[in-house]
1. Hey, among Thr78, Thr57, Thr35, which residue is out of contact with any helix residue (DSSP H, G or I) (no Cβ under 6 Å at 6 or more places or on another chain), among the polar types (S, T, N, Q) and surrounded by 14 or more Cβ atoms within 10 Å (Cβ to Cβ)?
2. Restricting attention to segment 175-189, and to residues there that are of a type in the set (Gly, Ala, Ser) and in contact with a helix residue (DSSP H, G or I) (Cβ under 8 Å, 6 or more places away or on another chain), which single residue is surrounded by the fewest Cβ atoms within 10 Å (Cβ to Cβ)?
3. Picking from Glu309, Glu224, which residue would you name as being surrounded by fewer than 17 Cβ atoms within 10 Å (Cβ to Cβ), over 18 Å from the mean Cα position of the chain (by Cα) and within 27 Å of Val94 (Cα to Cα)?
4. Kindly evaluate Gly239 against the criterion of being closer than 30 Å to Lys319 by Cβ, at pLDDT below 95 and open to solvent by less than 50 Å² (accessible area, probe 1.4 Å).
5. Pairs only if they're at least six apart or on different chains, beta carbon under 7 angstrom, first in segment 192-214 and among the acidic types (Asp, Glu), second open to solvent by 20 Å² or more (accessible area, probe 1.4 Å); list them, first residue then second.
6. What pairs can you find where one residue is in segment 55-68 and free of Cβ contacts under 8 Å to residues at least 60 places away in the same chain, the other is outside any helix (DSSP H, G or I) and of a type in the set (Asp, Glu), and their Cβ atoms are less than 7 Å apart, with a gap of 6+ or different chains?
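The values are calculated or read from the model by the stated rules, or taken from the named source; none is laboratory data. Since we're looking at a predicted model, the values are computed, not measured. When we count neighbours, we look across all protein chains shown, and the Cβ atoms used for this are built from the backbone with ideal geometry, even at glycine. Note: areas computed on protein heavy atoms with side chains; ligands, DNA, RNA excluded. Shrake-Rupley method; radii C 1.70, N 1.55, O 1.52, S 1.80 Å.
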Amino acid sequence: MKNKKFSIRKFVNDIHLWLGLGSGIILFLVCLSGTILAFEHEIKDFFAEEVHVEVGTAKHSIENLSKLLEESDQGFVTGVTLPDIETEPYVFTVKKDPKERRGSQIMVDPFTASMHTIKKSGADAFLMSMFRLHRWLLLDIPVGRPIVGVATIIFLVLSISGIVLWFPRKFKWKQFKRGFTIKTSANWKRINHDIHNTLGFYSCIFLVIMCITGLCWSFDGYREGLGNLMGVPIFDRSGPKIETGALSKSENITIDQAIALANEKLEYEGELSVSLPNKKNNYYSFRKYNNNNWSPVTADRLYMDTGGEILFVDVFQDKPMNVKIASLIRPIHTGEVLGMFSKTLYFLACLIGTSLPITGTLIWWNKLKQKRKKVSKPLV
């Protein structure tokens with residue numbers, strides 16, 4: 001019976017060892033870039049130019065600011081984001097050509113109407129490189145994406161097999177206790193082993209979550225299968241089906257009036273983003289983040305026709321659980337789902353994940369050296 005258990009453990013150990021050695025470099029690069037990307041927005045904000053809002057007695061209307069932007073040859077306004085803090089600027093999205101995909105962003109002081117175009121810094125270029133490294137290993141997408149996907153599957157197997165190996169052979173508290181601590185007073189080999197074993201255990205659940213969600217970007221079949229299992233498509237960005245023929249025939253309202261109506265319906269404090277009517281969708285689209293929600297990335301949606309009639313309200317808290325989880329796959333993967341708290345946990349877990357190929361290789365190398373010493377030891 002003991003031999004059978006030992007043979008299973010040895011089999012798991014061999015899988016863990018050789019898969020780890022074979023994928024070590026790729027996993028190191030993916031985890032390293034993921035560690036940096038955990039605080040992507042904070043890094044961008046740190047290096048971005050600051051725009052100070054001079055709080056005055058009265059604000060310009062959104063309608064007036066939009067006209068000023070167009071008159072200054074900035075382009076036509078397609079949307080605007082209104083912060084929930086008075087000292088922060090409005091962020092307008094403008095395009096000079098309707099065919100532009102995203103356009104450019106301009107920060108505007110609502111009191112003075114001063115404008116500042118958001119320009120990309122060196123940090124943006126660096127983080128884009130980290131993104132491409134994380135997703136495609138800086139290779140062409142058709143080549144790099146499946147390589148990262150396979151490495152992610154291997155990492156998932158390594159995480160599960162690592163937990164199996166973490167459990168001691170004898171289920172006694174004294175044996176378990178060793179797996180929870182790092183013996184800092186021991187030699188460097190033991191410390192390295194404890195770092196790999198103990199920190200790997202603590203970070204395992206987060207690494208497993210990252211792997212399960214990360215595969216949605218690597219393999220279309222996996223994403224569709226997970227969506228079928230959950231009963232809702234993953235990365236479904238489609239909005240509600242609104243029949244343009246049923247839109248209000250009443251007189252058009254201004255964007256400021258539309259915003260006021262949206263805030264009346266979504267009556268809470270939070271950042272509000274507005275997409276203006278266009279040829280494709282002749283209605284307003286609002287996205288608002290409730291400051292009191294459990295997650296800072298969950299938003300409520302509201303759609304309104306140009307006459308001020310509310311067409312559809314999509315409240316995140318009212319959605320079924322499977323729809324909520326499916327819509328949060330990305331923030332669950334990146335750690336943004338619970339704000340700074342979860343970001344910090346993911347950063348630490350990813351940092352540990354970066355160290356695991358190094359500490360694991362050192363464990364293998366030390367054992368290899370010991371075996372060589374035993375073989376080469378002269379007979380007396």
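1. Thr78
2. Here is the first cut: in segment 175-189, the ones of a type in the set (Gly, Ala, Ser) are 179, 185-186.
Within this subset, residues satisfying the condition of being in contact with a helix residue (DSSP H, G or I) (Cβ under 8 Å, 6 or more places away or on another chain) are 179, 186.
Values: Gly179: 16, Ala186: 12.
If we take residues in segment 175-189 being of a type in the set (Gly, Ala, Ser) and in contact with a helix residue (DSSP H, G or I) (Cβ under 8 Å, 6 or more places away or on another chain), then Ala186 is surrounded by the fewest Cβ atoms within 10 Å (Cβ to Cβ).
3. Values: Glu224 fails: within 27 Å of Val94 (Cα to Cα).
Only one candidate qualifies: Glu309.
4. On the way: closer than 30 Å to Lys319 by Cβ: yes; at pLDDT below 95: yes; open to solvent by less than 50 Å² (accessible area, probe 1.4 Å): yes.
So Gly239 passes the test.
5. Asp194/Ile182; Asp194/Lys183
6. Val55/Glu86
Yes/no per residue for (1) at pLDDT 95 or above; (2) over 21 Å from Phe235 (Cβ atoms); (3) open to solvent by 30 Å² or more (accessible area, probe 1.4 Å):
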site	(1), (2), (3)
Glu251	no, yes, yes
Lys265	yes, yes, yes
Met304	yes, yes, no
Val315	yes, no, yes
